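Structure record follows, encoded as C-alpha cells.
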Amino acid sequence: MWNPAALCCRTAASARSPLLPRSHTLNRVFGREYDALCQQPAQGVQGEGLGRTPGVLPCRSVSSKAKYRQYAQTYPVLDGRILSVYRHVFEENLRNSEAVVKRYSELLEMVRKGGGDKAIWRHTQRNKKMFVRERLKLLLDHESFLELSPLAGLNMPYGDVPAAGCLTGIGRICGVWCVFMANDATVKGGTIYPIGVKKQLRAQEIAMQNRLVAVYLVDSGGAFLPLQAELFPDKSHGGRVFYNEAIMSAMRIPQVAVVCGSCVAGGAYVPTMAEETVIIDKIGTLFLAGPPLVKAATGEYVSPEDLGGARLHSHVSGCSDHFASSEKEAYECIRNVISTLNYDPLPEEAVEHDSPLYSPDELLGLAPRDYRCTLPVKLILSRLLDGSRFQEFKANYGMTLVTGFGHVEGHLVGIVANNGELSHDASLKGSHFVQLCSQRSIPILFFQNTAPQTAEPTSTSQAEAHSSRLKAQASMMAAVACAAVPKITIVVGGCFGSESYVMCGRSFSPNFLFLWPNARVALVDSRHLSTVPQAGDSDHGGEEAELKELKEKLEEESSAFYSSARLWDDGIILPQNTRKVIADCLKITEQQKYQVVSPCQHPVMRM
Ligand code: COA
C-alpha cells in the first residue's frame, strides 16, 4: 500500500532518469479503446482509429506550473469548519471509523503474511526463493507502491486466499509507471483460484485503460485443481489472461515477465507470451506437464531442471530471452529491459501546490457511519483540495450534487460529489458538468455517497416526479459513460442502488474505484428494511424471523470488506490517505499523455 514514509530512493540504479515515450503528442484513449479492442481486435488494432480517437489534444505551450500559479489561487476558499450543530454526528462517525479502520488494519496485517509463517519458511528456506514483497523491493524504484485490492480473496466460499494468491499494483520502474502481477507462492504454491484470475484480469484491464507497462512475476503451480471448473472454461477465466497479453502487445503496451518459480500448465503461457522474459537459474521452471505427469505417461523420471529449467529455456527452447543466475540479477535485468522501451524522460516539472487548510484526519469524522449521518460534502472537499479552493459550478442549482473544479497536488480535476439524493435538477447539472470536463479534457473525480432506494410513490404527482428524475439520471449515465477522460471514483459512504451507476460505479469503468472502510455497497440499505419484499399479498407467518435473517445477510454483504474481497473495487483506502492516492492515480493516468500510439497491427510474437 502507499506508505508515504517509505518513499525513498532505492539505489543508484533507481536514480537513473525517469523515462517516458518519445513524443509528447497527447493521445487520450482511455477505456473505449480497450473495450473496442476486446470486442474486435483486428479492426480495433489495425484501423486508423487509434490516432484519431476523440480527445487527442495538441501540446500546450503554457506549463502546468505557470497555469497553476496563474489561476488556481484565485478560486474561492471553502469554509471547512465543522459547526457545533454537526458535532454529535461527527463523533458518531468517528467512533464507527475507528472500528472499521481497526478491522482494516488487522486484515491487512494478516494478508501481508501471505500463506503464513510455515509457508514462508518453506518458500524462503527450503525452496530458496524470495518472498514476493521482497521481490518488489528489488524491482521497483520505491518501496511505496499502489497495491490494488490487497483484501481480495478473504472469506470466500472456498476459504481465505490472502491477496487472492497474487499481488497486483502500480509502481515505477526507471521512472515509468508499471502494473505488476506477482504470484505469491506461499499461498497454496501460488496456484490460481477463481478470484486470482479475476484479480489478474483487472490488473491487465488497468494496464490497457491507462496504457501502463505490465510486469509479471510468475511463481505458480497453475490452476487450483479442485476449483478448475470455476477458472478454466469460460470467457473471463484463465485463458483470457493470455488473450489479453496478445491484445496488449498489439496495442503497444510492453509486457515483460520473470520466471521466478514454477510455471506449470496454462501458467507457462504467461511468460512465453510476454515480449521479453527472464528465467532464474535453479528456481525457475516452465513446462506444460511436470515430472510426475511425465513419469505417469512414460515411466521415465526427469528432473524439473532438465524438463524445463532456466538453461533449457534459455539455450534450447527459446521460451525465455534472458538467463539470470540469481533473483537480484533477474530484477536488475528487467529494469534494464524497461530502459530499452525507448521512452523519453518524463518532464521533471513538479507542480507547486498548497495543502488543504483543514486536517485530513478529520475525514474520519466525515465518513458517514450511515447515510443518515452524512454531513455536507464540501467539508470533505475542503480537506482534499489544494488550498481548500473550489471553483463551484451551478452552486445554487440542483444542490444535492456538488460540481466544480479544484486541484489535487497541482492537478486540475472536475469534481462530482453527492450531497443528498440525486434529484432531477442535480442529475441535469451532473450531465452538463461531466460534458464540460470531457470537452476540456479534465479528469473527473466522483465522490460517491448515494442514497438508499427511495420509497415507492404514493401519489400521481410523486410518480411523475420519479419519472422525470429517471430521465435526467439516464442522461447523466450516458454523459458519464461517454466522457473520454480519466475517471476516479471514491465511495465515501453509500454505494446504493441505481444512483451508484450514475456516480460512475464499477460497471461504468472508472479508471480506478476505491472505497473508504465505512462504505456500504448494496442495492438496498438493510438498516432501513422494515418488511421482507414479497410477491403478491400472501400471508407470511414467519416474517419476523425471515426479516431478521435477510437483514443480517444484507448487512454482511454490504460491508466494504465484503466488496473488496470480491474485487468489486480496486481496494479500500483510508480517508486520510485519499489525497495521496488520488494524486498518484492522476499521475498514473497522465502517463499516456506522453505516448505515441502509432497504428500498430500485430503483437510481438516469440519466434
Ligand atoms: N492444485 C491444488 N493445490 C495445489 C496445486 C494444484 N495445482 N499445486 C500445489 N498445491 C498445494 C499443495 O497441495 C500444497 O498444499 P498444502 O500446503 O495444503 O500441503 C501447497 O499447494 C504447496 O505445495 P507444495 O508442493 O508443498 O509446495 P512446493 O513449493 O514444494 O511446490 C509446486 C509447489 C507448485 C511446484 C508443486 O506443488 C507442484 O508441482 N504442483 C502441481 C502443479 C501442477 O501440476 N499443476 C497443474 C495445474 S493444471
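Brief remarks on what is shown
- Integer Hz, Karplus 6.51/-1.76/1.60 couplings in order for segment 235-243, x for Gly and Pro: 4, 9, 9, x, x, 5, 4, 6, 4
- Amide H contacts of residue 143: 8, each under 5 Å away and 5 or more positions distant or on a separate chain (H built 1.01 Å from N in the peptide plane; Pro and chain starts excluded).
- Estimated distance in nm for a label pair at residue 305 and residue 328, the labels positioned 7 Å out from Cα along Cα-to-Cβ: 2.2 nm
- FRET efficiency for residue 498 and residue 552, using Cβ-Cβ distance with R0 set to 25 Å, rounded to 0.05: 0.55
- Gain in span if fully extended, residue 289 to residue 88, counting 0.36 nm per residue against the direct Cα distance: 66.0 nm
- Karplus-based coupling profile of segment 137-148, in residue order and whole Hz: 5, 6, 7, 8, 5, 10, 5, 7, 8, 8, 7, 9, with θ = phi - 60° in 6.51 cos²θ - 1.76 cosθ + 1.60 and x standing for Gly or Pro.
- Rounded FRET efficiency, nearest 0.05, which uses the C-beta distance separating residue 74 from residue 439 and R0 of 25 Å: 0.70
- Residue 601/residue 81 FRET efficiency (R0 51 Å; Cβ-Cβ; nearest 0.05): 0.30
- In units of the compact-protein estimate 2.2 N^0.38 Å, segment 112-339 shows a Cα radius of gyration of 0.94.
- Charge dipole (debye, nearest 20) of segment 429-538; +1 at Cβ of Lys and Arg, -1 at Cβ of Asp and Glu: 460 debye
- Gyration tensor verdict on segment 156-284 (Cα atoms; rounded if a/c is under 1.5, prolate if a/b is larger than b/c, oblate otherwise): prolate
- Taking amide H positions as modeled 1.01 Å from N, with prolines and chain starts lacking one, the residues under 5 Å from residue 156 and 5 or more places away or on another chain are 161.
- Among 266, 222, 253 the positive-end extreme of the charge dipole of segment 203-330 (Cβ point charges): 253
- Placing unit charges on each Cβ (+1 for Lys and Arg, -1 for Asp and Glu) gives segment 112-339 a dipole about its Cα centre, and among 293, 193, 277 the Cα reaching farthest toward its positive end belongs to 193.
- Kirkwood Rh in Å, taken over all unlike Cα pairs in segment 91-235: 16.1 Å
- Solvent exposure ordering (accessible area, 1.4 Å, most first) of 594, 158: 158, 594
- Residue-wise HN-Hα coupling along segment 271-285, computed from phi with Karplus coefficients 6.51, -1.76, 1.60 (Hz; x: Gly, Pro): x, 5, 8, 5, 6, 9, 10, 10, 10, 9, 4, 6, 9, x, 9
- Net lengthening on full extension, residue 545/residue 395 (0.36 nm per residue, minus Cα-Cα): 49.3 nm
- Taking label positions 7 Å along the Cα-Cβ direction at both residue 282 and residue 466, the computed distance is 7.0 nm, reported to one decimal.
- What a 1.4 Å probe finds exposed on segment 66-204 is 53% carbon and sulfur by accessible area, rounded to a whole percent.
- Partner aspartates and glutamates for residue 282 [C-alpha distance under 19 Å; skip if fewer than 8 residues away on the same chain]: 134, 184, 219, 305, 306, 321, 327, 329, 332
- The relative contact order of segment 112-339 comes to 16 percent, based on Cα pairs under 8 Å that sit 6 or more residues apart.
- Each of residue 530 and residue 298 was given a label point 7 Å from its Cα along the Cα-to-Cβ line. The distance between the two points is 7.4 nm.
- Full-extension gain in nm, residue 372 to residue 482, via 0.36 nm per residue minus C-alpha separation: 36.4 nm
- Taking the Cα centre of segment 112-339 as reference, the dipole from Cβ charges on Lys and Arg (+1) and Asp and Glu (-1) amounts to some 440 debye.
- Of 549, 205, the order by accessible heavy-atom surface (1.4 Å probe, DNA, RNA and ligands excluded), from most exposed downward, is 549, 205.
- Considering only Cα atoms, the convex hull volume of segment 283-329 works out to 70 Å³ per residue.
- Unsatisfied cross-links (Cα-Cα over 23 Å) in the set 235/487; 137/199; 128/188; 113/551; 129/295: 235/487; 113/551; 129/295
The values are calculated or read from the model by the stated rules, or taken from the named source; none is laboratory data. The structure displayed is predicted, hence computed values, not measured ones. Every residue, glycine as well, gets a Cβ built from its backbone with ideal geometry; the counts of neighbours run over all protein chains shown. Remember, those area values only see protein heavy atoms, side chains included, never the ligands or the DNA or RNA. Shrake-Rupley method; radii C 1.70, N 1.55, O 1.52, S 1.80 Å.
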